[in-house]
Amino acid sequence: MTEATILAIETSCDETAAAVVRGGRENLGDAVASQIDLHARFGGVVPEIASRSHQEVVDLIIDEALGRAGLRLKDIDALAITQGPGLPGALMVGMATAKAIAYAARKPLIGVNHLEGHIYANLFTHPELEPPFIALVVSGGHTILAYVERPGSYEVLGQTLDDAAGEAFDKVAGYLGLGYPGGPILERLATQGDPKAIKFPRAMLNTPDYDFSLSGLKTAVLYYVAKKRAAGEELNLPDLAAGFQAAIIDVQVQKTIRAVEDREAETIVLAGGVAANTALQRALTAAAEPRGRRLYYPPLDLCTDNAVMIGAAAWPKFLAKDFLGLDAETDPNMRLS
Ligand code: KG4
Ligand code: ZN
(Lines give C-alpha, C1' and ligand atoms only; values in the text may rest on other atoms or scores of the structure.)
(Ligands and ions follow the chains in the order given, each with its own letter.)
Protein backbone atom coordinates (compact mmCIF):
# COMPACT_ATOMS: atom_id res chain seq x y z
CA MET A 1 0.00 0.00 0.00
CA THR A 2 2.76 2.47 0.83
CA GLU A 3 3.97 2.18 -2.74
CA ALA A 4 0.73 3.55 -4.19
CA THR A 5 1.17 6.43 -6.63
CA ILE A 6 -1.06 9.44 -7.10
CA LEU A 7 -1.26 11.59 -10.22
CA ALA A 8 -1.90 15.12 -8.96
CA ILE A 9 -3.12 18.06 -11.03
CA GLU A 10 -3.09 21.75 -10.05
CA THR A 11 -4.77 24.53 -12.06
CA SER A 12 -6.09 26.92 -9.42
CA CYS A 13 -4.33 30.08 -10.61
CA ASP A 14 -1.63 30.75 -13.21
CA GLU A 15 0.41 27.55 -13.13
CA THR A 16 -0.65 24.35 -14.87
CA ALA A 17 1.05 21.56 -12.95
CA ALA A 18 1.04 17.78 -12.70
CA ALA A 19 3.04 15.38 -10.57
CA VAL A 20 3.30 11.68 -9.84
CA VAL A 21 3.84 11.28 -6.11
CA ARG A 22 4.47 7.92 -4.44
CA GLY A 23 3.49 7.31 -0.85
CA GLY A 24 2.90 11.02 -0.30
CA ARG A 25 6.66 11.48 0.07
CA GLU A 26 8.39 10.76 -3.21
CA ASN A 27 8.19 12.85 -6.38
CA LEU A 28 8.54 10.40 -9.26
CA GLY A 29 8.10 13.08 -11.90
CA ASP A 30 6.48 16.48 -12.22
CA ALA A 31 5.94 19.30 -14.68
CA VAL A 32 4.85 22.93 -14.39
CA ALA A 33 3.81 25.34 -17.13
CA SER A 34 3.83 28.89 -15.84
CA GLN A 35 1.52 31.42 -17.48
CA ILE A 36 3.45 34.38 -16.10
CA ASP A 37 4.46 35.62 -19.57
CA LEU A 38 0.82 35.59 -20.71
CA HIS A 39 -0.37 37.71 -17.78
CA ALA A 40 2.66 39.97 -17.30
CA ARG A 41 1.62 42.59 -19.82
CA PHE A 42 -1.73 42.97 -18.06
CA GLY A 43 0.00 43.44 -14.70
CA GLY A 44 -1.83 40.53 -13.06
CA VAL A 45 -3.68 37.29 -13.68
CA VAL A 46 -6.51 37.57 -16.24
CA PRO A 47 -8.97 34.78 -15.33
CA GLU A 48 -10.16 34.08 -18.90
CA ILE A 49 -6.61 33.81 -20.19
CA ALA A 50 -5.74 31.52 -17.28
CA SER A 51 -8.61 29.10 -18.03
CA ARG A 52 -7.85 29.01 -21.74
CA SER A 53 -4.17 28.42 -21.18
CA HIS A 54 -4.83 25.62 -18.67
CA GLN A 55 -7.08 23.99 -21.25
CA GLU A 56 -4.38 24.20 -23.92
CA VAL A 57 -1.56 22.66 -21.92
CA VAL A 58 -3.05 20.49 -19.17
CA ASP A 59 -2.94 17.23 -21.18
CA LEU A 60 0.63 17.93 -22.24
CA ILE A 61 1.74 18.66 -18.69
CA ILE A 62 0.13 15.45 -17.42
CA ASP A 63 1.90 13.45 -20.15
CA GLU A 64 5.17 15.13 -19.25
CA ALA A 65 4.83 14.27 -15.53
CA LEU A 66 3.90 10.67 -16.34
CA GLY A 67 6.77 10.45 -18.84
CA ARG A 68 9.27 11.71 -16.28
CA ALA A 69 7.96 9.14 -13.81
CA GLY A 70 8.25 6.45 -16.49
CA LEU A 71 4.65 5.45 -15.82
CA ARG A 72 1.37 5.21 -17.70
CA LEU A 73 -2.12 5.98 -16.52
CA LYS A 74 -2.83 2.31 -15.81
CA ASP A 75 0.06 2.27 -13.30
CA ILE A 76 -1.45 5.08 -11.23
CA ASP A 77 -3.55 4.28 -8.15
CA ALA A 78 -5.53 7.51 -7.84
CA LEU A 79 -5.96 11.04 -9.14
CA ALA A 80 -5.74 14.16 -6.99
CA ILE A 81 -7.09 17.55 -8.00
CA THR A 82 -7.05 20.99 -6.43
CA GLN A 83 -10.72 21.59 -5.60
CA GLY A 84 -10.27 25.15 -4.29
CA PRO A 85 -9.69 27.91 -3.42
CA GLY A 86 -8.77 29.59 -6.67
CA LEU A 87 -10.10 31.11 -9.88
CA PRO A 88 -13.45 29.44 -10.73
CA GLY A 89 -12.74 28.85 -14.42
CA ALA A 90 -9.18 27.70 -13.83
CA LEU A 91 -10.27 25.22 -11.14
CA MET A 92 -12.96 23.86 -13.46
CA VAL A 93 -10.47 22.99 -16.19
CA GLY A 94 -8.45 20.87 -13.74
CA MET A 95 -11.53 19.26 -12.21
CA ALA A 96 -13.02 18.34 -15.60
CA THR A 97 -9.70 16.88 -16.73
CA ALA A 98 -9.21 14.89 -13.53
CA LYS A 99 -12.78 13.56 -13.63
CA ALA A 100 -12.41 12.49 -17.26
CA ILE A 101 -9.20 10.59 -16.52
CA ALA A 102 -10.61 9.07 -13.32
CA TYR A 103 -13.67 7.86 -15.23
CA ALA A 104 -11.82 6.55 -18.28
CA ALA A 105 -9.01 4.87 -16.31
CA ARG A 106 -11.34 3.76 -13.46
CA LYS A 107 -9.28 5.38 -10.71
CA PRO A 108 -10.52 7.04 -7.52
CA LEU A 109 -10.49 10.85 -7.40
CA ILE A 110 -9.25 12.89 -4.42
CA GLY A 111 -10.05 16.58 -3.85
CA VAL A 112 -7.35 18.71 -2.23
CA ASN A 113 -7.51 22.16 -0.64
CA HIS A 114 -4.84 24.33 -2.30
CA LEU A 115 -3.85 25.94 1.03
CA GLU A 116 -3.47 22.55 2.66
CA GLY A 117 -1.29 21.69 -0.33
CA HIS A 118 1.02 24.64 0.43
CA ILE A 119 1.40 23.38 4.02
CA TYR A 120 2.08 19.86 2.72
CA ALA A 121 4.95 21.18 0.60
CA ASN A 122 6.72 21.39 3.97
CA LEU A 123 5.70 17.95 5.21
CA PHE A 124 6.86 16.58 1.85
CA THR A 125 10.21 18.34 2.04
CA HIS A 126 10.98 17.72 5.71
CA PRO A 127 10.05 14.15 6.71
CA GLU A 128 10.99 14.91 10.32
CA LEU A 129 8.46 17.74 10.56
CA GLU A 130 5.56 16.86 12.83
CA PRO A 131 2.53 18.78 14.10
CA PRO A 132 1.56 20.55 16.21
CA PHE A 133 2.89 23.66 14.53
CA ILE A 134 1.94 27.20 13.61
CA ALA A 135 1.60 27.70 9.86
CA LEU A 136 1.92 31.07 8.14
CA VAL A 137 0.42 30.65 4.68
CA VAL A 138 1.27 33.65 2.52
CA SER A 139 0.43 33.64 -1.18
CA GLY A 140 -1.06 35.77 -3.90
CA GLY A 141 -4.56 35.13 -2.61
CA HIS A 142 -4.11 34.44 1.10
CA THR A 143 -2.44 35.47 4.32
CA ILE A 144 -3.43 33.01 7.02
CA LEU A 145 -2.03 32.15 10.41
CA ALA A 146 -3.19 28.70 11.50
CA TYR A 147 -2.61 26.27 14.33
CA VAL A 148 -2.12 22.81 12.91
CA GLU A 149 -2.73 20.24 15.61
CA ARG A 150 -2.36 17.35 13.19
CA PRO A 151 -2.48 17.04 9.40
CA GLY A 152 -6.05 17.66 8.35
CA SER A 153 -6.93 19.72 11.43
CA TYR A 154 -6.48 23.44 10.86
CA GLU A 155 -7.55 26.13 13.28
CA VAL A 156 -7.38 29.47 11.51
CA LEU A 157 -6.17 31.98 14.11
CA GLY A 158 -6.22 35.00 11.83
CA GLN A 159 -6.04 36.22 8.29
CA THR A 160 -5.84 39.33 6.20
CA LEU A 161 -8.83 41.62 6.35
CA ASP A 162 -8.09 43.01 2.87
CA ASP A 163 -5.09 42.36 0.57
CA ALA A 164 -3.02 39.17 0.72
CA ALA A 165 0.75 39.53 1.18
CA GLY A 166 1.60 38.45 -2.38
CA GLU A 167 -1.17 40.65 -3.71
CA ALA A 168 0.39 43.68 -1.97
CA PHE A 169 3.75 42.90 -3.59
CA ASP A 170 2.04 42.48 -6.98
CA LYS A 171 -0.01 45.69 -6.70
CA VAL A 172 2.88 47.87 -5.59
CA ALA A 173 5.18 46.49 -8.31
CA GLY A 174 2.37 46.97 -10.84
CA TYR A 175 1.87 50.58 -9.78
CA LEU A 176 5.58 51.24 -10.15
CA GLY A 177 5.52 49.63 -13.59
CA LEU A 178 8.06 47.01 -12.53
CA GLY A 179 6.27 43.93 -13.86
CA TYR A 180 4.50 40.82 -12.63
CA PRO A 181 4.70 38.94 -10.30
CA GLY A 182 5.85 41.69 -7.98
CA GLY A 183 7.26 39.58 -5.13
CA PRO A 184 10.52 38.42 -6.71
CA ILE A 185 11.05 41.81 -8.43
CA LEU A 186 10.64 43.86 -5.24
CA GLU A 187 12.68 41.37 -3.23
CA ARG A 188 15.58 41.73 -5.66
CA LEU A 189 15.36 45.54 -5.54
CA ALA A 190 15.14 45.49 -1.75
CA THR A 191 18.50 43.76 -1.43
CA GLN A 192 20.09 47.01 -2.75
CA GLY A 193 18.05 49.29 -0.48
CA ASP A 194 17.93 50.47 3.12
CA PRO A 195 14.82 49.09 4.89
CA LYS A 196 14.93 51.99 7.38
CA ALA A 197 15.22 54.83 4.83
CA ILE A 198 11.46 55.12 4.29
CA LYS A 199 9.18 54.24 7.17
CA PHE A 200 5.89 52.72 6.09
CA PRO A 201 2.98 51.91 8.45
CA ARG A 202 2.76 48.53 10.16
CA ALA A 203 -0.99 48.09 10.48
CA MET A 204 -2.30 45.97 13.33
CA LEU A 205 1.22 45.27 14.58
CA ASN A 206 0.15 45.42 18.21
CA THR A 207 -3.51 44.43 18.06
CA PRO A 208 -4.26 41.40 20.25
CA ASP A 209 -5.67 39.39 17.31
CA TYR A 210 -3.91 37.42 14.60
CA ASP A 211 -5.38 39.35 11.70
CA PHE A 212 -3.52 41.38 9.11
CA SER A 213 -4.35 44.44 7.04
CA LEU A 214 -2.21 45.38 4.08
CA SER A 215 -4.29 47.79 2.02
CA GLY A 216 -3.17 50.74 4.18
CA LEU A 217 0.46 49.91 3.50
CA LYS A 218 -0.25 49.67 -0.21
CA THR A 219 -1.99 53.05 -0.13
CA ALA A 220 0.88 54.57 1.86
CA VAL A 221 3.34 53.44 -0.81
CA LEU A 222 1.18 54.79 -3.63
CA TYR A 223 0.76 58.07 -1.76
CA TYR A 224 4.49 58.37 -1.13
CA VAL A 225 5.25 57.76 -4.81
CA ALA A 226 2.60 60.22 -6.00
CA LYS A 227 3.98 62.91 -3.68
CA LYS A 228 7.54 62.37 -4.85
CA ARG A 229 6.48 62.47 -8.47
CA ALA A 230 4.40 65.61 -7.98
CA ALA A 231 7.40 67.31 -6.36
CA GLY A 232 9.56 66.22 -9.30
CA GLU A 233 11.84 64.31 -6.96
CA GLU A 234 13.56 61.12 -7.97
CA LEU A 235 12.39 57.84 -6.44
CA ASN A 236 14.88 55.60 -4.74
CA LEU A 237 13.33 52.31 -5.82
CA PRO A 238 15.62 50.04 -3.78
CA ASP A 239 14.85 51.99 -0.58
CA LEU A 240 11.17 51.98 -1.43
CA ALA A 241 11.15 48.21 -2.02
CA ALA A 242 13.18 47.57 1.13
CA GLY A 243 10.93 49.78 3.27
CA PHE A 244 7.77 48.19 1.90
CA GLN A 245 9.08 44.65 2.32
CA ALA A 246 10.25 45.38 5.88
CA ALA A 247 6.78 46.67 6.82
CA ILE A 248 5.14 43.46 5.59
CA ILE A 249 7.73 41.23 7.22
CA ASP A 250 7.65 42.99 10.61
CA VAL A 251 3.95 42.36 11.13
CA GLN A 252 4.11 38.78 9.90
CA VAL A 253 7.03 37.91 12.12
CA GLN A 254 5.57 39.56 15.21
CA LYS A 255 2.14 37.90 14.86
CA THR A 256 3.62 34.52 14.05
CA ILE A 257 5.92 34.59 17.06
CA ARG A 258 3.05 35.61 19.33
CA ALA A 259 0.94 32.73 18.01
CA VAL A 260 3.79 30.31 18.59
CA GLU A 261 4.26 31.49 22.16
CA ASP A 262 0.53 31.59 22.96
CA ARG A 263 0.04 28.07 21.64
CA GLU A 264 3.32 26.81 23.04
CA ALA A 265 4.22 25.37 19.67
CA GLU A 266 7.79 24.32 19.00
CA THR A 267 7.65 24.68 15.28
CA ILE A 268 6.76 27.25 12.62
CA VAL A 269 5.91 26.38 9.04
CA LEU A 270 6.11 29.00 6.31
CA ALA A 271 4.13 28.20 3.16
CA GLY A 272 2.81 29.71 -0.09
CA GLY A 273 4.40 31.77 -2.85
CA VAL A 274 5.62 34.53 -0.50
CA ALA A 275 7.51 31.87 1.51
CA ALA A 276 10.03 32.13 -1.33
CA ASN A 277 11.04 35.53 0.05
CA THR A 278 14.51 35.14 1.58
CA ALA A 279 14.20 38.27 3.72
CA LEU A 280 11.04 36.83 5.30
CA GLN A 281 12.72 33.44 5.80
CA ARG A 282 15.69 35.16 7.45
CA ALA A 283 13.62 37.44 9.68
CA LEU A 284 11.44 34.56 10.89
CA THR A 285 14.48 32.37 11.54
CA ALA A 286 16.14 35.21 13.49
CA ALA A 287 13.02 35.60 15.64
CA ALA A 288 12.38 31.88 16.09
CA GLU A 289 15.83 30.56 16.96
CA PRO A 290 16.54 32.59 20.14
CA ARG A 291 13.17 31.39 21.42
CA GLY A 292 14.10 27.78 20.78
CA ARG A 293 11.68 27.45 17.88
CA ARG A 294 12.47 25.92 14.54
CA LEU A 295 11.31 27.31 11.21
CA TYR A 296 10.59 25.16 8.18
CA TYR A 297 9.98 26.32 4.62
CA PRO A 298 10.04 24.49 1.29
CA PRO A 299 12.62 24.86 -1.48
CA LEU A 300 11.83 27.61 -3.97
CA ASP A 301 10.05 25.42 -6.54
CA LEU A 302 7.70 24.04 -3.88
CA CYS A 303 6.90 27.49 -2.41
CA THR A 304 5.07 28.66 -5.52
CA ASP A 305 2.22 26.68 -7.08
CA ASN A 306 3.02 23.09 -8.03
CA ALA A 307 1.32 19.68 -8.09
CA VAL A 308 3.81 17.82 -5.89
CA MET A 309 2.27 19.46 -2.83
CA ILE A 310 -1.21 18.41 -4.04
CA GLY A 311 -0.04 14.79 -4.41
CA ALA A 312 1.44 14.93 -0.91
CA ALA A 313 -1.71 16.39 0.65
CA ALA A 314 -3.84 13.75 -1.10
CA TRP A 315 -1.97 10.86 0.53
CA PRO A 316 -3.83 10.71 3.90
CA LYS A 317 -7.11 11.00 2.01
CA PHE A 318 -6.08 8.11 -0.21
CA LEU A 319 -5.32 5.98 2.84
CA ALA A 320 -8.67 6.95 4.38
CA LYS A 321 -10.45 6.24 1.06
CA ASP A 322 -11.79 9.79 1.20
CA PHE A 323 -12.74 9.95 -2.48
CA LEU A 324 -14.83 12.37 -4.54
CA GLY A 325 -17.77 11.26 -6.67
CA LEU A 326 -17.76 12.11 -10.34
CA ASP A 327 -20.44 14.71 -9.56
CA ALA A 328 -17.99 16.64 -7.35
CA GLU A 329 -17.71 20.37 -7.89
CA THR A 330 -14.93 22.88 -7.45
CA ASP A 331 -15.08 25.28 -4.52
CA PRO A 332 -13.45 28.62 -5.44
CA ASN A 333 -13.86 29.88 -1.85
CA MET A 334 -12.81 26.68 -0.11
CA ARG A 335 -11.58 27.32 3.42
CA LEU A 336 -8.89 25.76 5.54
CA SER A 337 -10.68 23.97 8.38
O1 KG4 B 1 1.32 30.38 -3.99
P2 KG4 B 1 1.45 31.16 -5.24
O3 KG4 B 1 2.37 30.65 -6.32
O4 KG4 B 1 0.05 31.34 -5.91
C5 KG4 B 1 -1.08 31.55 -5.13
O6 KG4 B 1 -1.63 30.55 -4.60
O7 KG4 B 1 -1.44 32.74 -4.98
O8 KG4 B 1 1.88 32.65 -4.82
C9 KG4 B 1 2.13 33.64 -5.76
C10 KG4 B 1 2.45 34.93 -5.02
C11 KG4 B 1 2.54 36.16 -5.93
O12 KG4 B 1 1.76 37.19 -5.37
C13 KG4 B 1 4.02 36.50 -5.91
O14 KG4 B 1 4.29 37.89 -6.06
C15 KG4 B 1 4.44 36.00 -4.54
O16 KG4 B 1 3.71 34.81 -4.36
N17 KG4 B 1 5.88 35.75 -4.47
C18 KG4 B 1 6.73 36.44 -3.68
C19 KG4 B 1 8.03 35.93 -3.95
N20 KG4 B 1 7.92 34.95 -4.89
C21 KG4 B 1 6.59 34.85 -5.19
N22 KG4 B 1 6.51 37.42 -2.79
C23 KG4 B 1 7.58 37.95 -2.16
N24 KG4 B 1 8.84 37.54 -2.39
C25 KG4 B 1 9.12 36.55 -3.26
N26 KG4 B 1 10.37 36.15 -3.47
ZN1 ZN C 1 -0.71 28.91 -4.19
Using a 1.4 Å probe over the heavy atoms of the protein chains, calculate the carbon and sulfur portion of the accessible area of the chain as a whole percent. 51
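Using only alpha carbon positions, build the gyration tensor of the stretch 131-298, then give the equivalent ellipsoid semi-axes as the square roots of 5 times its eigenvalues, largest first, whole angstrom.
Working: eigenvalues 171, 44, 39 Å².
After scaling each eigenvalue by five and taking roots: 29, 15, 14 Å.
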Accessible area in square angstrom per residue, the stretch 131-298, 1.4 angstrom probe: 43
Estimated vicinal HN-Hα couplings, Hz - the stretch 49-57 in sequence order (Karplus 6.51, -1.76, 1.60; Gly, Pro = x): 5, 4, 4, 5, 5, 4, 4, 5, 10
Pairwise Lys count, the chain - Cα closer than 15 Å, eight or more residues apart or different chains: 9
On C-alpha positions alone, give me the angle between the axis of helix 114-125 and the longest principal axis of the chain, in degrees, nearest 10. 80
How far is helix 88-105 tilted, in degrees, relative to the longest principal axis of the Cα atoms in the chain, given as a value from 0 to 90 rounded to the nearest 10? 20
Counting DSSP beta bridges with both ends in the stretch 131-298, the antiparallel % (nearest 5): 60
Which whole-Hz ³J(HN,Hα) couplings does the stretch 205-216 yield from phi under the Karplus relation 6.51 cos²θ - 1.76 cosθ + 1.60, θ = phi - 60°, glycine and proline marked x? 4, 10, 6, x, 8, 10, 8, 10, 9, 10, 6, x
Expected sort for 314-320, 166-172 on mean C-beta neighbours within 10 Å, highest first, is 166-172, 314-320
Computed over the chain: longest principal axis from alpha-carbon atoms vs helix 278-288 long axis, angle to nearest 10 degrees, is 80
Under the Karplus relation 6.51 cos²θ - 1.76 cosθ + 1.60, θ = phi - 60°, what is the ordered set of whole-Hz ³J(HN,Hα) values for the stretch 140-147, x standing for Gly and Pro? x, x, 9, 9, 9, 10, 10, 9
Output ordering of 229-239, 201-211 (per-residue mean of other Cβ within 10 Å, highest first) is 201-211, 229-239
With N set to the residue count of the chain, report its C-alpha Rg divided by 2.2 N^0.38 Å to two decimal places. 1.00
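The values are calculated or read from the model by the stated rules, or taken from the named source; none is laboratory data. Owing to the predicted nature of the structure, the values given are computational and were not obtained by experimental measurement. Note that each Cβ is placed from the backbone with ideal geometry, even for glycine, and that neighbours are counted across all protein chains shown. Only protein heavy atoms, including side chains, enter the accessible area calculation; ligands, DNA and RNA are left aside. Shrake-Rupley method; radii C 1.70, N 1.55, O 1.52, S 1.80 Å.
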